[in-house]
């Protein structure tokens with residue numbers, strides 16, 4: 001299942017225990033809803049992370065990656081890397 005515009009306030013959050021969650025490459029989109037920085041967008045996207053559910057992300061720019069790490073910690077999630085550096 002793919003979230004709509006964001007993550008934190010997305011209607012797909014009714015699924016409280018998905019098999020896993022993932023964040024693909026972040027870009028500057030949906031700025032009227034998510035904010036106009038990658039860090040703000042990352043905060044929203046990290047809202048799909050669920051306690052005890054594996055979370056995956058591809059390499060992100062440094063600031064966005066730090067926000068996703070913080071969101072993972074807040075939600076007691078172990079974040080896994082997917083890609084060349086595997087975080």
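The values are calculated or read from the model by the stated rules, or taken from the named source; none is laboratory data. Computed from a predicted model, the values in this text were never measured in an experiment. So basically every Cβ, Gly included, is an ideal-geometry build from the backbone, and we count neighbours across all protein chains shown.
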* In region 69-87, what residues are assigned to a helix (DSSP H, G or I) and touching a strand residue (DSSP E or B) at 6+ places or on another chain (Cβ under 6 Å)? -> 72
* Please determine, by comparing only the residues of region 1-28 that are under 10 Å from the mean Cα position of the chain (by Cα) and outside any loop (DSSP other than H, G, I, E, B), which one is nearest to residue 64 (Cα to Cα). => 23
* Looking at (1) surrounded by 14 or more Cβ atoms within 10 Å (Cβ to Cβ); (2) in a helix (DSSP H, G or I), can you tell me which one residue 32 breaks? -> (1)
* Asked: What's the number of the condition residue 26 fails, among (1) within 17 Å of residue 63 (Cα to Cα); (2) at pLDDT below 90?
  -> (2)
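Within region 35-55, can you find the residues that are outside any strand (DSSP E or B) and closer than 15 Å to residue 75 by Cα? So that I can check it myself, show each step before the final result.
Initially, region 35-55 is screened for residues outside any strand (DSSP E or B), giving 35-53.
Across region 35-55, the qualifying residues are 42, 43, 44, 45, 46, 47, 48, 49, 50, 51, 52, 53.
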* Structure fact -> Per the filter on region 54-70, residues buried (at least 18 other Cβ atoms within 10 Å of the Cβ) and either closer than 19 Å to residue 2 by Cα or over 10 Å from the mean Cα position of the chain (by Cα) (or both) are 55, 57, 60, 68
